[in-house]
Structure formats: C-alpha cells, structure tokens
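The values are calculated or read from the model by the stated rules, or taken from the named source; none is laboratory data. Note that the coordinates shown come from a computational prediction; the quantities given were computed from them, not determined experimentally. Here the Cβ positions follow ideal geometry from the backbone for every residue, glycine too, while neighbour counts run over all protein chains shown. With ligands, DNA and RNA removed, areas are computed over all heavy atoms of the protein, side chains included. Shrake-Rupley method; radii C 1.70, N 1.55, O 1.52, S 1.80 Å.
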Amino acid sequence: MKKRPVIICTDPGIDDFIAMLILLQQNTLDIRGMIALSGNVGLPITVNNTLLAGELCGRPDVPVLSGSAKPLARPARSAANIHGKSGLGQSIERYSSRKPSAQDAAEFIVRTAREFPGELEIISLGPLTDVARALQLDPGIAPLLRQIVVMGGGVTRGNATKYAEFNIVADPEAADVVFASGADVVMIGLDATHQCLQPRSQIAEMTAGTELGRMVGLMLGDYADMYARVHNLDGVVIHDAICALWLLQPELFQTEQMRIRVCLDEGEHLGQTMPVSAGAPFATVAMGLDAGRVARRIVTEVQHAVNA
Ligand code: RIB
Ligand code: CA
C-alpha cells in the first residue's frame, strides 16, 4: 500500500515529542521531513529536540529542517513555563550531535507539495509560521495539499489567553494566512483536546526501562506537575499526540464544518479562532472525541515506541 507523504511542523515541546514518537513509527506514513520552529521555546532548542526525537525513535533518516526563528510580524512568545527551558521538561537536558538540513523550510514545503500533488499532508503542532511562508511563497500549493492538520485554536476556549490558544496567538498573522488560504484545514483545537485528560496512572503505563522509556516518564511527569501547578488539573492533556491521532483514526473525532476567522485585532481577542457566517473559508473543526479510545491509542503507541 502506498505510504502517505507527511510533513511535520513542530515546536518541541513535551507533547510535540510524544506526537513525533507516534508518527515516526507508523508504517503507513512517509514522513518527508520535520520542520522545527520557534514556539514553546526558541529555535535552536526546538531543532535540537526534533533531532533528538528522530534519533531516539530510530529514524535519523527523516530530514530535520530549521524553520522560523520568529513569527511573521511580532516578537516570539514562549511557553517555557510549561515545557521547561529545555523544552522537554525540568528533568531533561539532552543535546543531539547532529545538525539540521540546510534546506529552507518554506521552499521545502512548496517543493514537496508539487512533488506529491493532491497527496501531501501537513501536520502543524506549533505556530503556523512556516506553513504560512510556504503559502505566501507559492499560493498555488493550497489546492495541491491533501490537508493541513492544525493542533491549535479553540471555539469555546483559549489557554495562552482567555480566548486564544498558544499556537494560534503565537503567530496570529500566520494562522490567518493558513485559514484563509482555501486549503483543506482541519482544526484540532482545545474544544476536542481538553476532553482527553489522561491520569497520571496512564503516564506510568507509557514509561519503560529503556532510555527512551525513562525520558518519556520524566517528561510526562514534569508535564503533569505543571498541569497541577498551572491548570490545577490532575493529569495531562497531550495536545499534539491527540492531534496526531487525526492522521491515524479520524473516526475518533466529532467534527463540524465552520467558517473560521482568526482575530488580528490587538487586545484580549487577538488570536481567537472565531466562527463566522461569511467571509472565511470552511474548516473542519474538531468539537469532540472518544476520550477513552484516544487515550488508549496514545498509551498503546507510546508503549510500542519506548519498548522498540
Ligand atoms: O496549546 C497547546 C499547543 O501549544 C501544543 O502544540 C503545545 O506544544 C504548544 O505548542
Ligand atoms: Ca506544540
């Protein structure tokens, strides 16, 4: 069976790292490249963490590219308070000995979209800066993309601010370019991901005595401590891993077709993904999911990865 060509854009980030573990081990996916960009933490760190994910998953063959160091039109935000200075929690500081590919991220996306017309799927786990740059470089790729799956946004809630989710408000201008592009956009936002709060007991199921298993245990343990401290929640929402499951089992999600406009007005609504009645293309918006089956699939996939 022909493998599905996929590009991952990521800002690891603990949940990004878990999502990469899951995606890199799928025999049905042809991961053409992973583009690390500034998001949760700065670019050199997200590049390092993406290189590490490839190495530790036995996939050093997958090209890692250095994406955008800052948003299109505003200073970079940080979520180091959530993911730690290393981007992988308070307990881990690991350095890859490898270097990223010298290819330009936007040109890589355009070239790959034209190499696989109608087939390429982009999954964005961080700000949409590089996806937007590619669409600005060559707007003609929008109809060539099978889908752009975005972990981001929220119709009923925010997290970085009252109304906006981190990946969107970190680069709202980029998100606006993507949602307005006419490409098939799938928004896996907080409306769905926050329905899958995984308890600490499931973290224990995802650790192992291997090097990767110990790392995952430390990362998710720190993530759970942060969730308790910042969100007063007992457990973790592994947003990017949940988003990754859209590529594997979309039937686990309940979606609605909505016209989504990204608010660019300075103020408390900046970066809000707003349903509108006109003036914006439709997006497929996840408003629910089967939490039990999503959680179980994440646990099963991570168990396989850490025991490989
Ligand atoms: O709001 C959650 C999203 O923002 C996740 O992708 C997390 O890694 C951060 O990038
Ligand atoms: Ca992320």
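At a glance:
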| quantity | calculated |
| --- | --- |
| Unmet criterion (only one of (1) open to solvent by 50 Å² or more (accessible area, probe 1.4 Å); (2) free of Cβ contacts under 8 Å to residues at least 40 places away in the same chain) for Thr207 | (2) |
| Which listed residue, of Ser86, Ser97, is more than 19 Å from Lys3 (Cβ to Cβ) and either touching a Leu at 6+ places or on another chain (Cβ under 7 Å) or crowded, with 18+ Cβ neighbours inside 10 Å (or both) | Ser86 |
| Yes/no for Thr129 being of a type outside the set (Gly, Ala, Ser), closer than 22 Å to Pro250 by Cβ and in contact with a strand residue (DSSP E or B) (Cβ under 9 Å, 6 or more places away or on another chain) | no |
| Members of the range 123-160 that are of a type in the set (Ser, Thr, Tyr) and open to solvent by less than 40 Å² (accessible area, probe 1.4 Å) | Ser124, Thr129 |
| Test: Ser201 is out of contact with any Phe, Trp or Tyr (no Cβ under 9 Å at 6 or more places or on another chain), modelled with pLDDT of 95 or more and open to solvent by 10 Å² or more (accessible area, probe 1.4 Å) | no |
| Residue in the range 187-198 that is in contact with a Ser or Thr (Cβ under 7 Å, 6 or more places away or on another chain), closer than 23 Å to Gln90 by Cβ and hydrophobic (A, V, I, L, M, F, W, C) present | no |
| Filter result for Glu165 (buried (at least 22 other Cβ atoms within 10 Å of the Cβ), in contact (Cβ under 8 Å) with a residue 12 or more places away in the chain and within 17 Å of Gly267 (Cα to Cα)) | yes |
